[in-house]
């Protein structure tokens, strides 16, 4: 069994900041907009090096989306930055009408997603954003797992022509994917081979899935772990190839089970290969204040929950 280790933890929002700074040096058409959260989005380096290509919109997220859409008409590639809640729920009408409907080349970059926003509480912890964004026609939805993959994703989406939702987070998480990796939109990454159960995970839950697979291996259960960094377009081929071997699947995400990765996988299974499935996700609920670790434990978004669901789904085969 392939094992993964790490020597450093870092927040995925810093991966976005590093990627944006690199784009500032290599792509003169990239511009950045922010809704009064420059520090939180780690956009400082880009602004320092490219002050004429940065627009501070202030606490006016709807205006930011409209401005971004307009900038694309002149050939610019705008990257908008604010918290995930304000990047989606607050501005859904503007994204739908101004960006998605006409396929504008806007990159909607959203930090502080999910429960791991922590102490800011339920009003800021959006757990519906993946569902909101994946339902928009033509919108690409990406949720990378660590610093290196977030940086690589930031670079990759600049080359994609069309709207993208890039989701990342606040807490420091293990860095376990390669530096300077090639990021391919819509292409899942098989992390471990297995024969008893497939675990597909996204974002912060990928590391938890790897931790779960190690414990399952020690208990005689062979788990295949797949990193689904792109939720739309979904790598259906990778999922179907895996469940053809294992015969069951667990989906893991820091998101409501309604509308997230799990439901996208369910559709693939229903249409192609009906298969037992279990969900690790929030259960139709809002969050609350607490540390990221406390919340992930309370809402069962951790390796222990993945192990529990893996055993449950194997029993259903």
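Just to be sure I understand, how many residues within the stretch 245-294 are more than 19 Å from residue 130 (Cα to Cα) and in a helix (DSSP H, G or I)? Adding up the residues that qualify gives 9.
Applying the set (1) outside any loop (DSSP other than H, G, I, E, B); (2) within 30 Å of residue 296 (Cβ to Cβ); (3) touching a helix residue (DSSP H, G or I) at 6+ places or on another chain (Cβ under 8 Å) to residue 136 leaves exactly one unmet item: (1).
Being under 26 Å from residue 80 (Cα atoms) and crowded, with 21+ Cβ neighbours inside 10 Å: is that true of residue 160 here? Criteria not met by residue 160. If you go through the stretch 38-56 and keep only what is within 24 Å of the chain's Cα centre (by Cα) and surrounded by fewer than 17 Cβ atoms within 10 Å (Cβ to Cβ), you end up with 39, 40, 44, 45.
Could you check, for the stretch 35-58, whether at least one of its residues is touching a strand residue (DSSP E or B) at 6+ places or on another chain (Cβ under 8 Å), under 30 Å from residue 194 (Cα atoms) and at pLDDT 95 or above? The answer is no; no qualifying residue exists. Do we find that residue 89 is buried (at least 18 other Cβ atoms within 10 Å of the Cβ), under 19 Å from the mean Cα position of the chain (by Cα) and either on the phi > 0 side of the Ramachandran plot or assigned to a loop (DSSP other than H, G, I, E, B) (or both) in this structure? It is false that residue 89 is buried (at least 18 other Cβ atoms within 10 Å of the Cβ), under 19 Å from the mean Cα position of the chain (by Cα) and either on the phi > 0 side of the Ramachandran plot or assigned to a loop (DSSP other than H, G, I, E, B) (or both). Has the stretch 74-85 got at least one residue that is in a helix (DSSP H, G or I) and either touching a residue at least 40 places away in the same chain (Cβ under 8 Å) or closer than 26 Å to residue 172 by Cα (or both)? Looking through the stretch 74-85, at least one residue is in a helix (DSSP H, G or I) and either touching a residue at least 40 places away in the same chain (Cβ under 8 Å) or closer than 26 Å to residue 172 by Cα (or both). Residues in the stretch 202-242 that are assigned to a strand (DSSP E or B) and touching a residue at least 60 places away in the same chain (Cβ under 8 Å) were compared, and the one that is farthest from residue 309 (Cα to Cα) is 232.
Here 247, 260, 194 are screened, and the one residue that is crowded, with 24+ Cβ neighbours inside 10 Å and farther than 19 Å from residue 149 by Cα is 260.
Okay, residues lined up against (1) farther than 30 Å from residue 294 by Cβ; (2) free of Cβ contacts under 8 Å to residues at least 40 places away in the same chain; (3) assigned by TED's automatic domain parsing to the domain that holds residue 254; (4) part of a helix (DSSP H, G or I):
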residue: 97; (1), (2), (3), (4): yes, yes, no, yes
residue: 103; (1), (2), (3), (4): yes, no, no, no
residue: 109; (1), (2), (3), (4): no, no, no, no
residue: 119; (1), (2), (3), (4): no, no, no, yes
residue: 122; (1), (2), (3), (4): no, no, no, no
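For first residues located in the stretch 152-166 and touching a residue at least 40 places away in the same chain (Cβ under 8 Å) and not assigned by TED's automatic domain parsing to the domain that holds residue 30, partners that are crowded, with 23+ Cβ neighbours inside 10 Å and part of a helix (DSSP H, G or I) and lie 6+ apart or on another chain with Cβ distances below 9 Å do not occur.
The values are calculated or read from the model by the stated rules, or taken from the named source; none is laboratory data. The shown structure was predicted, so the numbers you read here are calculated from the model rather than taken from an experiment. With ideal geometry, Cβ positions are generated from the backbone for all residues, glycine too; neighbour counts draw on all protein chains shown.
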